[in-house]
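The values are calculated or read from the model by the stated rules, or taken from the named source; none is laboratory data. Computed from a prediction, not measured in an experiment: that's the story for all the values here. Just so you know, the surface numbers come from the protein's heavy atoms only, side chains and all, with ligands and any DNA or RNA stripped out. Shrake-Rupley method; radii C 1.70, N 1.55, O 1.52, S 1.80 Å.
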Amino acid sequence: MNTENMPALNPAQLEAVTNGDGYALILAGAGTGKTRVIIERMVWLVEERGVNPRALLALTFTNRAAGEMRERFARRLALESVGAWVGTFHAFGLFALRRYMDKLGRPRNFTVFDDADQLSLMKRLIRETGAGVSPRNALSWISRLKQDLAGPPEEIETPEERVYAELWGRYHGALGRASAVDFDDLLVLLVRLLDGHEEVRDALQRRFHYVSVDEYQDTNRAQYEIAKRLAARHGNLFVVGDEDQSIYSWRGADINNILNFQEDFPDAKTFRLEQNYRSTGAILRAANAVVANNRHRLGKRLWTAGDAGEPPRVYLACDGEDEARFVVDEIAGRGLAPERTAVLFRTNGQARLMEEALRRKGMPYVVVGGTQFYARKEVRDLLGYLRLLTNPADDEALRRILNVPRRGIGAATMAQLDEYTATRGAPLFEVLRDVEHDQTIPARARAAVGELVHLIDELAHAAGDTPVAGLVNAVLDRTGYRQYVERSDERDFRARLEVVDEFASACAEFDARSGAGELAAFLQDLALVSDVDAWDASTPAVTLMTCHSAKGLEFDHVFLIGLEEGLLPHASALGGDRELEEERRLCYVAMTRARKSLILCHAEARTLYGERKPCEASRFLREMPADGLEAAGMDAQPVRGARVGRPGAPRAEAGGITRGTRVRHAAFGPGTVIKTEGSGSNLRVRIRFLTGRVRLFKANAAPLEILEEGDEG
């Protein structure tokens, strides 16, 4: 076996990479080089086993990860093009459906509805039926079933589910009429193809001899079945994952896929990657201690050959504002590079106070998961026009732009058009073609509809050999969209016009890469964009993001805020063991994003719904080794059960503290007791520290060392 050209791998990595054919599970802890192992495995197959790159299939979960894998694989083999198929599960589903959708009796030029399209459609269906349910809840109910490859249950348990079951039929009927699919369909319909059409299954299995899956712990039932079926012919399935980083059950991920891998594939080999190349020893020690409390895990313990580094620091804030102020002051005071610093939190709502504190400090920041560029109204309007050029049956796109810019199509006319559409069971665009002859519709509306139909037909005809930017500019010129933006928002129209210009520039950049006539490819790429894909690690700004969004990323310095019961772990998880274990894994993921320093923040109280409420420190803080944490900031207090400060310092006995006693606090330093209240286990002491600060403590709980007895007692 020749490994001379292979970059240095540690023994565990090398053993996994050079494993022969068959099923293999690589348990790769955070920062252990899992992407490198997948790349080197593919390179080894090509160079040492003589496998054609086209026979390799590598599936992952984000466009960012897929792009990195493609680039690194091509660079290792000195190839201009990758050859292997590397991408997300959803991208692979789209790849297959574009080729074989006609086997399911549906056209190949379908549109992929994103979250906003789905929500718009569901809202309309609920209005039509008069159902009093949340459109988001209805979509979630439908999505959960589809990810499990199931349909509405035969026995409906609640009136709400009965409504959801009715909406299921209406929703999928509307998707069919619009020649559209949602994200779940990209997986569900692929499974249907693999199960119901042997010629499709054989074609894909013959091409892909080796199937690799990254982040296997995040697979749902549909993704599990896809990987299993694709690998069945040759029996080569190489999956890499970490059960300790399974944090997406709320969107269908099933941790049992990785926990039961050996049962599903009895001949499979298991390899453990435990050497961490990212974080310091002190960070790993704290993170290992937290996740070790979970029962549902295969077991591994991360270690590093690097330095121990500085211990994670704990800051106890007075409230959320104080927490945000501390974080910003720490970043500025320590001179941390903004682009290498992240603030992580459990819920999106926690970003507001951080944003306000960063703005006051004049410090640049970016919120990942906020309003993204391609979610802006102006971009979605222009995309609505472009989508109609490839799929005129796309009712949601048409409804979005039908009166944008305003064309004089009022509510009464729209209701009439909806009635025609429902009666004929046809796409809305087909109905519009006949409007010019309908005298019951106002003349102005008839003329406007006729102009729109003519515009779409003309541009659709030209789309085959016209650059995307040319189509966008034609839409802007022919519809007067720029003037519409100027008139609709006098105060903010310049910023909105900048969005329009930036979108046109993005289209031109795509044309430069792909050439004219690639509108369908442009729309296909955008359909698979996610929030994290838009994040640029080189931007000189502090990154604000949820713990979920941070998965797969790393930063030199991480601030994990809101470590309190009800936030992390989240209140929704406190009722069940499995839910709590996932929250613990989420905390572990957040902690292991840090390379050099980790600061853990929690608050004594937070303002919720206008009312200040006390907070309890997260149990995850108490699970960390007490002698592996340090206090941060003048106002920091160690969490209950963890002594933060000088290990081994003698604790003060409550009975030995009186007024005038000189003490040393582990975080605040030396001070003098100026008042005592209560007695015994309820003794509380008020201390003035050398800094001038005065704080009240419960004597038998605070980390106090008596330096000199007082003058009373």
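For region 337-415, the direction-averaged projected area of the alpha-carbon convex hull comes to 9.0 nm².
Partner aspartates and glutamates whose Cα lies under 16 Å from the Cα of LYS103, excluding those fewer than 8 positions away in the same chain, are identified as ASP185, ASP195, GLU198, GLU199, ASP202.
If the segment from PHE95 to ARG192 were pulled out straight at 0.36 nm per residue, it would be longer than the present Cα-Cα gap by 33.4 nm. For the chain, the relative contact order comes to 15 percent (Cα pairs under 8 Å, sequence separation of at least 6). The value for region 285-399 of Rg(Cα) / (2.2 N^0.38 Å) is 1.64. Among the DSSP helices (H) of the chain, those spanning at least 24 angstrom by Cα along their long axis with an average Kyte-Doolittle hydropathy of 0.0 or more are 443-462; this is a geometric and hydropathy rule only.
Here the Karplus relation 6.51 cos²θ - 1.76 cosθ + 1.60, evaluated at θ = phi - 60°, turns the backbone of region 255-264 into coupling constants of 4, 5, 4, 8, 5, 9, 4, 5, 6, 5 Hz, with x for every Gly and Pro. Shape annotation for region 98-160: C-alpha extents along the principal axes are 40, 26, 17 Å, from largest to smallest.
Per atom type, region 573-630 shows carbon and sulfur on 46% of its accessible surface, probed at 1.4 Å. Across the accessible surface of region 428-511, with the other protein chains kept in place and a 1.4 Å probe, carbon and sulfur atoms take up 45 percent. In this structure the amide hydrogen of PHE271, modeled in the peptide plane, comes within under 5 Å of the amide hydrogens of LEU25, ILE26, LEU27, none closer than 5 places in sequence on its chain.
The lysines whose alpha-carbon is closer than 19 Å to the alpha-carbon of LYS551, local same-chain residues fewer than 8 away aside, are LYS34, LYS300, LYS596.
Considering only Cα atoms, the convex hull volume of region 393-459 works out to 83 Å³ per residue. Within the straight-line cut-off of under 23 Å between alpha carbons, the lysines reachable from LYS613 are LYS698, sequence neighbours fewer than 8 places apart in one chain being disregarded. Taking all protein chains in place and a 1.4 Å probe, what share, in percent, of the accessible surface of region 61-195 do carbon and sulfur account for? Of the solvent-accessible surface of region 61-195, carbon and sulfur hold 46 percent. For the pair LYS698 and ARG162 in one chain, pulling the backbone fully straight at 0.36 nm per residue adds 187.5 nm over the alpha carbon distance. For region 90-238, the normalised intensity computed at q = 0.09, 0.17, 0.20 Å⁻¹ comes to -0.32, -1.00, -1.24 (log10 of I(q)/I(0), Debye sum over alpha carbons, equal scatterers, no solvent). Cα-based values for region 569-633, radius of gyration first and Dmax second, are 13.7, 38 Å. Per residue, the accessible area of the chain comes to 44 Å², computed with a 1.4 Å probe over protein heavy atoms only. The relative contact order of region 1-115 comes to 20 percent, based on Cα pairs under 8 Å that sit 6 or more residues apart. With the gyration tensor restricted to C-alpha atoms of region 387-511, the semi-axes of the equivalent ellipsoid amount to 27, 19, 12 Å, longest first. As a ratio to 2.2 N^0.38 Å, the alpha-carbon radius of gyration computed for region 164-248 takes the value 1.31. For region 503-601, the equivalent ellipsoid built from the Cα gyration tensor has semi-axes of 37, 18, 10 Å, listed from largest to smallest.
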